[in-house]
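Structure record follows, encoded as structure tokens.
The values are calculated or read from the model by the stated rules, or taken from the named source; none is laboratory data. Every value quoted in this text rests on a predicted model; they were computed, and no experiment measured them. Glycine gets a Cβ as well: all are built from the backbone with ideal geometry, and neighbour counts include every protein chain shown. These area figures cover heavy atoms from the full protein model, side chains too; ligands, DNA and RNA do not enter into them. Shrake-Rupley method; radii C 1.70, N 1.55, O 1.52, S 1.80 Å.
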Amino acid sequence: MRTAYRVETVRAAEAALMARVPEGALMQRAAAGLAAACCSLLGKGRVYGARVALLVGSGDNGGDALYAGARLARRGAGVTAVLLGERAHEGGLAALRAAGGRVVDSAHDDPFEPLAAADLVLDGITGIGGRGGLRPDAVPVARAARGSDAVVVAVDLPSGVDADTGEVAGEALRADVTVAFGTYKPGLLVDPARSYAGALRLVDIGLGGELPGVADLEALQHQDVARLLPVPGAESDKYRRGVLGVVAGSARYPGAAVLAVEGALRGGAGAVRYVGPAADAVIAAHPETLVHPGPPDRAGRVQAWVVGPGLGDEPGVAEVLASDVPVLVDADGLRGLDPSLVRARSAPTVLTPHAGEAAALLGATREEVEAGRLAAVRELAARFGATVLLKGSTTLVCGPATEAAAGGAVRVNPTGTGWLATAGSGDVLSGLAGSLLAAGLRPVDAASCAAYLHGLAARRASGGGPVTAGEVAEALGGAWRDVTAGL
């Protein structure tokens, strides 16, 4: 599992470790890992004679860049440090000069000349404590670095992004690679900041033993999902595997019901009970579905419900929320949803909004939600007392306030593709997540595993090109097998 910690937690862990190791040891470990990553990016045999520019701010982030630059200079690279702050790390400056590096002060010299010829640029302008975007005087230099032909490597975090939230409040320097020290920071995994980080590399500086057992943010990997997915035993039958009820579709949107049911069937549900006006379309596509004219409480026993995809103005949301089993609410079911109705439930609830739906529930704008995704998903989970899966370029899953208070991490989904932004894909995701709820997974696990498989299936089906929701659903079985192949 990939984990990320907030700046306050990282600072405390660093302080605890620094109290037990020689002075400057952590910075030297970081610089060594950073220099090794730069050598790898330059390529075997290409460090000698390479031209490297360091963008150096006032903090320790600039010191990391300077010490790494000194190591590269000792290997024969031509290294120039461009000083952008009022001061620079004295030890790092001395090490760079001793190794034959050159220093340019942007206040008095031309800072653009080293960038024009650089093969690699190290971004050490601001570190994890930076807020509010780049300072105005650093913006032209950052733009020149990004406009050059050099590989841009961010030191721990791209300058100008918020380490804790992933927000980008001003101009930031977009990196090709970010070399993180000790642990990932939430901003490296959450858009919009994630899109500035490029490829991620992690350097171990010995923080592991000092960090809390529960992270602030976590991203599941194949083996994590594989351990959570249900596996039927020899005595399993369709009822033991989980029966999912689906209230979806309308005369205008019958396809939403078909896709939600397909997501559930391909997600391992033992049986699916469908309630709604699209029964003919559902049976035509999936004859194994159990259909009922409604209302939901007369459709038969289920272990979980999905309500909302393509529902329009059809009834069903209130009736399903009155049940005593887990409920997933999506799409039209989210319109005007009353937080008190959700909070009063005895069984868990999962909400799966996209940014526009989340904005309506929060009384915010879509732009505000997309700019502050972590804050939005946490606020929704707290307001509704529900598990929230916030869909988008970075899909986030947050448990209700009770789980957050107990130290539960927000989960970020690492799979997917931009081609997944297509009509009906959310309906497939709802059915898939609902099937995992019916199988008995915790809401946070059901939502995060569903997002993971859904994104993986989209990659398989897309192959780098357009994909339909139906093709994503068809690829779920292959994605499931990929994840569980190592068991």
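For this structure, a couple of remarks:
- Close contacts from region 171-191, counting a first residue that is touching a residue at least 40 places away in the same chain (Cβ under 8 Å) and a second that is among the charged types (D, E, K, R) and in a helix (DSSP H, G or I), with Cβ to Cβ under 6 Å and a gap of 6+ residues or different chains, come to 190/373.
Quick grid of which residues meet (1) surrounded by fewer than 19 Cβ atoms within 10 Å (Cβ to Cβ); (2) free of Cβ contacts under 8 Å to residues at least 24 places away in the same chain; (3) small (Gly, Ala, Ser):
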{"site": "288", "(1), (2), (3)": "yes, yes, no"}
{"site": "300", "(1), (2), (3)": "yes, no, yes"}
{"site": "316", "(1), (2), (3)": "no, no, yes"}
{"site": "366", "(1), (2), (3)": "yes, yes, no"}
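- Meets criteria (farther than 30 Å from residue 170 by Cα and either crowded, with 23+ Cβ neighbours inside 10 Å or touching a Pro at 6+ places or on another chain (Cβ under 7 Å) (or both)) for residue 77: yes
- Qualifying positions in region 33-56 - open to solvent by 30 Å² or more (accessible area, probe 1.4 Å) and over 28 Å from the mean Cα position of the chain (by Cα): 44, 45, 46, 48, 49, 51
- When 455, 470 are screened for being out of contact with any strand residue (DSSP E or B) (no Cβ under 6 Å at 6 or more places or on another chain), open to solvent by 10 Å² or more (accessible area, probe 1.4 Å) and touching a residue at least 24 places away in the same chain (Cβ under 8 Å), only 470 passes.
- For region 222-241, the criterion of being of a type outside the set (Lys, Arg) and at positive phi is met by none of the residues.
- Among the residues of region 1-17, those identified as part of a helix (DSSP H, G or I) and either within 27 Å of the chain's Cα centre (by Cα) or at pLDDT below 95 (or both) are 7, 8, 9, 10, 11, 12, 13, 14.
- Of the criteria (1) open to solvent by less than 30 Å² (accessible area, probe 1.4 Å); (2) in a helix (DSSP H, G or I), which one residue 118 fails: (2)
- Taken over region 330-361, residues that are more than 21 Å from the chain's Cα centre (by Cα) and free of Cβ contacts under 8 Å to residues at least 24 places away in the same chain amount to 6.
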